Each structure stands twice: as C-alpha cells, then as structure tokens.
Amino acid sequence: MAPQQLASAVVTTTSPYTGPPVGSVPEVIKRLEEIQSYAEAHEMRGQHDGVACFTYLYHRITTRVLEGIDTGRFDDGEFVNLLDVVFANRYLAALRASVLSPGDVPDAWQVLFERRAHPHITRLQFAAAGVNAHVNFDLAVAVADTCTQLGSAPATGAKHQSYQEINKIFAEEMQSLREHFESTWERLIDQVVLGRVVNKMDDWIVVATRDVAWEAAEHLWNLRQGGEDEASFIAMIDNLAGEAGRAVLLPAL
C-alpha cells in the first residue's frame, strides 16, 4: 500500500494537526478538541475518521485526568501533570509529522494515519489502534522523559502509585467508550471478526496494570543513567507497537 493511498483527505500546513507543542493539561484538552472537530468536519469519513476516533477517546481520558489533578486524586500531582503534557506532545508530534514530514512518523502511528480513511475499518478498531500506539510505544518514553525533566528516578516517591491511578481511570471509562464506538449494526457482526479488537482493548488495560510500559520506562531511565544508547530499545518497542497496530487495523466490515 502506498503511504498516502488511504491517508488524510485534507493536507494543509495550517490545521490543528500542525500546531506547536502544548504546555499544560488544559492546553492538551483544547488541542484535542480542535483536532477532533477539524477531522470530523474536513476528513472523508467525518466522525468515523481514524484520527477523530482516537482523539475522542484521548480527550475523554485526559479530561478525567485533569479532574483527578484538580481534586487531589494523585499522590504525586506534579508528576502526573508533567507526564500528561509530555505524553500528549508525543501524539501531537506524530500527527504533525504526518502532514509536514511523513518520513519521521513512528511506525507505531504510521498505520493509523495511513488507514484513517479506510471504509471497512470500524471506529472501535481506530480507537484501539491509537491506544496501542500511545500506550505500547509512547508511554514508556514519556515516563522516562518526565522523570528526566524532574531529575528523579521512576521509583522515587509516589510516581508509580500515581501512574496506576491513571490506569484505573482508563479502566473506568473503557466500557462506555466501547459502547460509544460500536453502532447497533456493528454489534451484530460476527464476534469472531470484531472479537480480536475488543480483546485487544481489554488486553491493553491488563498490560498497563501489570506495568509493562512502566518497566520499559525504568529500563530507559537506567540506560540514560549509564550513558548507554537507547535508540535500539525505542526502535524495538516502536516496531512491536507497529506490528500490533497493523493486526488491529485489518478491514473488518
């Protein structure tokens, strides 16, 4: 498949896709709103566009995280606040690159951007593919980058407990998100077809709970502390997430 065969219908350097990095959680939420609205209004599949689907999910989770920060849900609010911004900027950077420099898009994100307009891929699949790229690739790097900016190891203080609270928020939202993305007629499709997507969504909650991404972040932190090259490790998790994304985004309808 040629890289642009099923890509965005609208290529412009002045859309929310190409906005600069954000600096706060409210800015993250505002940018996600802009991206979703733009995609729904300008892309061929509207609300069924791949980026629109994932961005809807991401906006919902981020709104809950901000509520948690404001209400003191997290033991280390400073860590969560910075992590949320660093994490979001990785998605925003990948989306920006998809327009301005496609060759720089990570493998984990490439398949979603390439297939975002495919008429036989469901909204649930698109959302799942975005979760895969963001959690199975971006999250470990974002945690390591956040700890680097804070100048303290992942194991220090209440970072891990606060990280697990974010996992709980995702789990709390998953059922209603799945119901949002599955139309009535999609629920009637052979569950053998869509079952792999639903199971993957559940699997990613388990993965987050088991701290696989956290363990990868700790490994990255240790590589940096030892002055070792981290590029091969990041490339490996990028490739693994890319393979998983391609498996999820097989036409299902």
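The values are calculated or read from the model by the stated rules, or taken from the named source; none is laboratory data. Predicted, not measured: the structure shown is a model, and the values here were computed from it. Neighbour counts are summed over all protein chains in view; Cβ atoms, including those assigned to glycine, are modelled from backbone coordinates with ideal geometry. The protein model used for the area step is the full one, side chains on, heavy atoms only, and it has no ligands, DNA or RNA in it. Shrake-Rupley method; radii C 1.70, N 1.55, O 1.52, S 1.80 Å.
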Contact list, first residue from segment 148-160 and at negative phi, second anywhere and open to solvent by 60 Å² or more (accessible area, probe 1.4 Å) and assigned to a loop (DSSP other than H, G, I, E, B), beta-carbon distance below 7 Å, six or more apart or interchain, is 158/75
Residues of segment 67-81 being closer than 15 Å to residue 149 by Cα and among the aromatic types (Phe, Trp, Tyr), in sequence order, are 79
Only one of (1) at pLDDT below 95; (2) aliphatic (A, V, I, L, M); (3) open to solvent by less than 10 Å² (accessible area, probe 1.4 Å) fails for residue 135. Which number is that? (3)
Restricting to segment 96-129, count the residues that are surrounded by fewer than 21 Cβ atoms within 10 Å (Cβ to Cβ) and free of Cβ contacts under 8 Å to residues at least 24 places away in the same chain. 4
Give me the pairs, please: first residue somewhere in segment 26-39 and under 18 Å from residue 84 (Cα atoms), second residue anywhere and open to solvent by less than 70 Å² (accessible area, probe 1.4 Å) and among the acidic types (Asp, Glu), beta-carbon distance under 9 Å, and either six or more positions apart or on two chains. 28/84
Residues of segment 25-43 satisfying the condition of being part of a helix (DSSP H, G or I) and either touching a Lys or Arg at 6+ places or on another chain (Cβ under 6 Å) or among the charged types (D, E, K, R) (or both): 27, 30, 31, 33, 34, 40
Residue check for residue 59: under 23 Å from residue 239 (Cα atoms) and either touching a Pro at 6+ places or on another chain (Cβ under 7 Å) or modelled with pLDDT of 95 or more (or both): no
Just give me the residues in segment 56-93 being without any contact (Cβ under 8 Å) to a residue 60 or more places away in the chain and open to solvent by less than 20 Å² (accessible area, probe 1.4 Å), in sequence order. 62, 84, 91
Take the residues of segment 231-246 that are in contact (Cβ under 8 Å) with a residue 40 or more places away in the chain and open to solvent by less than 50 Å² (accessible area, probe 1.4 Å): which is farthest from residue 133 (Cα to Cα)? 234
